[in-house]
1. Suppose we keep only residues that are over 12 Å from residue 276 (Cβ atoms) and assigned to a helix (DSSP H, G or I) within region 164-175. Which one would you say is nearest to the chain's Cα centre (by Cα)?
2. I'm checking my understanding of the structure. Among residues of region 113-128 that are over 37 Å from the mean Cα position of the chain (by Cα) and in contact (Cβ under 8 Å) with a residue 24 or more places away in the chain, which one is surrounded by the most Cβ atoms within 10 Å (Cβ to Cβ)?
3. For region 15-27, name all the residues that are on the phi < 0 side of the Ramachandran plot and over 40 Å from the mean Cα position of the chain (by Cα).
4. Which of the residues spanning region 213-231 are surrounded by fewer than 17 Cβ atoms within 10 Å (Cβ to Cβ) and touching a residue at least 24 places away in the same chain (Cβ under 8 Å)?
5. Just to be sure I understand, how many residues within region 330-357 are more than 13 Å from residue 143 (Cα to Cα), out of contact with any helix residue (DSSP H, G or I) (no Cβ under 9 Å at 6 or more places or on another chain), surrounded by 11 or more Cβ atoms within 10 Å (Cβ to Cβ) and without any contact (Cβ under 8 Å) to a residue 40 or more places away in the chain?
6. Can we say residue 317 is out of contact with any strand residue (DSSP E or B) (no Cβ under 7 Å at 6 or more places or on another chain) and in the same structural domain as residue 8 (by TED's automatic domain parsing)?
7. Which condition does residue 210 not pass, out of (1) in contact (Cβ under 8 Å) with a residue 40 or more places away in the chain; (2) crowded, with 20+ Cβ neighbours inside 10 Å, if it passes all the others?
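The values are calculated or read from the model by the stated rules, or taken from the named source; none is laboratory data. Since the model is a prediction, treat every value here as computed from it, not as a measurement. Counting neighbours? That spans all protein chains shown, and the Cβs are built from the backbone with ideal geometry, glycine included.
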């Protein structure tokens, strides 16, 4: 049994007991009783020391009048009505002492115990709500755990001897070709053309280039230096101010737009256009290749595009899923994970996680949300 189910059931039992104790008296009657109790306690605190002895007569009369008003407004059917009357009678004296105030507090003790039932119910409700919140959080953890265990179980069923080279070779050939083509494009084409191409990839969600900074784009489009390749701009960014004067018309603009973004420019490469290994699922590969082609065709020759078409065709192979699962298993499974799979630990953990999830979901559904007023 899950500790979260235990907590749910325990807090629900405590809430039910607290609710029954309130219903024995009646929630509305208890609230009226609690209000009167709090009013009297507050009066005792406010006037203790002021309405005692032969001190402030005005305070004394105000105190006795306030006490009489609180008790006089009570219906006789509220719980502990006799106690309230007794306290009122006790305090209606010609002279009050501090011991009279202390005795009044002691006389109200049974009322305090009674109205505590409302606080107990509220605390029990809060504990139950918290238990449900923790149970839902645990469900989220279990979903993640189950997903990971199912992945391990699936990879454990993969054929590690499958001929993955049948799909790896075309992917590797394309990735190498696109890296080489993009490197040439980056090193030779004007910076404004390279960055402009990267900017256009924002229309293709599967092409994950980091967008060029706006100031950098604006600089390469508005200044003559933007016709230079990126390596040249990076070289300019390392020049001193006096040396830079000989190469660009506005050294300050270059330093502002380029010098502060060296890291971004140095990291511009073809990674967002490669397929990688292990490859994506067959359902995603054609879409990925389709978006890649829209970009690759702008800077690479037909041989690179042809290699990309070969990669796209891999998704149609009957054995693509099997080969991909084998590639995933070889790449992602650690030695410890393989041992867990072989020993049956993954299978046992998965069964336990599913059982706990079912138990928590059943408890949440069976016990239900709060349906009683606070």
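1. Per the criteria, the residue is 167.
2. 115
3. Residues satisfying the conditions are 24, 25.
4. Within region 213-231, 213, 215, 218, 221, 224, 227, 231 meet the criteria.
5. Within region 330-357, residues that are more than 13 Å from residue 143 (Cα to Cα), out of contact with any helix residue (DSSP H, G or I) (no Cβ under 9 Å at 6 or more places or on another chain), surrounded by 11 or more Cβ atoms within 10 Å (Cβ to Cβ) and without any contact (Cβ under 8 Å) to a residue 40 or more places away in the chain number 1.
6. Criteria not met by residue 317.
7. (2)
Yes or no, residue by residue, for (1) touching a helix residue (DSSP H, G or I) at 6+ places or on another chain (Cβ under 8 Å); (2) more than 30 Å from residue 167 (Cβ to Cβ):
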{"site": "197", "(1), (2)": "yes, no"}
{"site": "203", "(1), (2)": "no, no"}
{"site": "210", "(1), (2)": "yes, no"}
{"site": "215", "(1), (2)": "yes, yes"}
{"site": "218", "(1), (2)": "yes, yes"}
{"site": "225", "(1), (2)": "yes, yes"}
{"site": "236", "(1), (2)": "yes, yes"}
{"site": "249", "(1), (2)": "yes, yes"}
